1. Based on DSSP H runs of at least 4 residues, each adding -39500 (n - 2.57), what is the mean residue ellipticity at 222 nm of the chain after dividing by all its residues, to the nearest 500 deg cm²/dmol?
2. Excluding GLY349 itself, calculate the net charge of residues whose Cβ lies under 11 Å from the Cβ of GLY349, where each Lys or Arg counts +1 and each Asp or Glu counts -1.
3. Take the cross-link list LYS96/LYS145; LYS133/LYS219; LYS124/LYS145 and give me the ones stretching past 24 Å between alpha-carbons.
4. Sort out for me the Cα centre separation of the stretch 136-214 from the stretch 385-430, rounded to whole Å.
5. Say a site is exposed when it is one of the GluC sites (Glu not before Pro), sits in a DSSP loop, and has at most 16 other Cβ atoms within 10 Å; what is then the longest site-free stretch of the chain?
6. Tally Lys/Arg at +1 and Asp/Glu at -1 over every other residue whose Cβ is under 12 Å from the Cβ of ILE419; what's the total?
7. With 11 Å as the cut-off, how large is the P(r) tail for the stretch 110-150, expressed as percent of Cα-Cα pairs?
8. Indicate, rounded to the nearest 5 percent, the antiparallel portion of the DSSP beta bridges found entirely in the chain.
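We did not get these values from a lab; they are worked out from the coordinates using the rules stated. Every value quoted in this text rests on a predicted model; they were computed, and no experiment measured them. Counting neighbours? That spans all protein chains shown, and the Cβs are built from the backbone with ideal geometry, glycine included.
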Amino acid sequence: MATIADQRQAKASTVGGTETLEPLANEDVFFNVLENAEKDRPATRPIYLDAQSTTPLDPRVLDAMMPFYVDQYGNPHSRTHAYGWESESATDVARKHIASLINADPKEIIFTSGATESNNMLLKGVANFYYPKKNHIITTLTEHKCVLDSCRFLQEKGFEITYLPVRSNGIVNIDDLKAALRPTTAVVSIMTVNNEIGVIQPIKEIGQLLKTYGAELAKELGRGTPKPFFHSDAAQALGKIPIDVNEAGIDLMSMSSHKLYGPKGIGAAYVRRRPRVRLEPLISGGGQERGLRSGTLATSLVVGFGEAARIAKEDLPYDHAYISALAKRLRDNIMSRVEMVMLNGDPKGYPGCTNLTFSYIEGESLLMALKDICLSSGSACTSASLEPSYVLRALGLDDANAHSSLRFGIGRFTTEEEIDFVCDKIVSVVTRLRELSPLWEMVQDGIDLKSIQWSG
Ligand SMILES: Cc1ncc(COP(=O)(O)O)c(C=O)c1O
């Protein structure tokens, strides 16, 4: 691939060859990269359908970030000069955009490195602050690993954890939650949108239940008794579906920038101020971010996250309609042409996350045969083996079906042509793999596989 300097040199030689080249300005580099992005991309680049894993940076976001890598490099916490002030003011604007996307006050936004850090900081922070008066945590079996592992960490420290099951559509049963609440419950952590199946949890009902329970508790034990706080991991929901922390009664929330076309390495925690939720900080130091997360803010990343949030708020209805149409196109196309395909999770979930089971096919063989499409399977890679997804298992899928599942992550930049290509490819590969499968042949012959006693 020719560099910008090579291209300029070549151009100069064709018009006489002796021209002295001016030094490159930052804008030249930036616009050249944008102009040539299409040309420089190898023709063999696979189709990206893994939007839950991460999303590409929106070029508008990069545009907003660039000055803070080059000219405006002041430390946003430097109070004594203009470089500091301009960086601080840019982080203030970003904070406002993020707060506005979830109807919060900018002071309630704490920047972190991503949703993993936010989940750790919020769960461990709130649990430690209210311990030992409160020593119980409620979560669900289908949370992201970083929530489950934070709970496990607290369990080892002496906290009691209730892991709620979910129904076969992936949605938690409010009555189960009601029954699990105790006066000692410090926090209830239930995600807004699931990262594997796109299921949207009933966060408004959960928030309302916790408010009512908290009011009863205060009547019984006296005013000032804290309610069980509501934490929601909204990494997959932010900018994808409308979120209003006040309407939903959310006290603590985790967010990530790279899931909504912003840069990687930056996220945020929402921490309610009224009524105040107290946390023990995980990171101590200069006292930045209300003393909850010390360290110099990464101005360019913060600005990028803010711009991604601003765009997400503006484009949310358009993005949602566009992604819903693409998801419908994908589901209708595949499910009308292939037998025994099952949609996992509530069909009214977030459409950009479509999880399908192709019975009698190994998801891994399917992925191998789909080398030109980037997808994620219903399995998690551990050091020694491929474990079936614990989320799909929690819905009641057996290991075989969990292994036969694929997640299609559709995003803002996915095209209709890509969806059509993926559908054709899936149909042909599934048909071919099933033709090779003895199990599929038995099913075609009307044999009930469950009635077979396998040896070994
Ligand atoms: C639901 C959920 N929570 C948390 C995370 C972790 O986010 P981050 O990569 O910002 O740490 C992810 C990303 O995979 C996610 O999907």
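1. Using -39500 (n - 2.57) per qualifying helix, the result is -13500 deg cm²/dmol.
2. Its environment carries a net charge of 0.
3. Flagged as over cut-off: LYS96/LYS145.
4. Answer, in whole Å: 26.
5. Free of exposed loop sites, the longest segment is 20-338.
6. Overall, the nearby charge balance is -2.
7. Percent of Cα pairs beyond 11 Å in the stretch 110-150: 66.
8. 55
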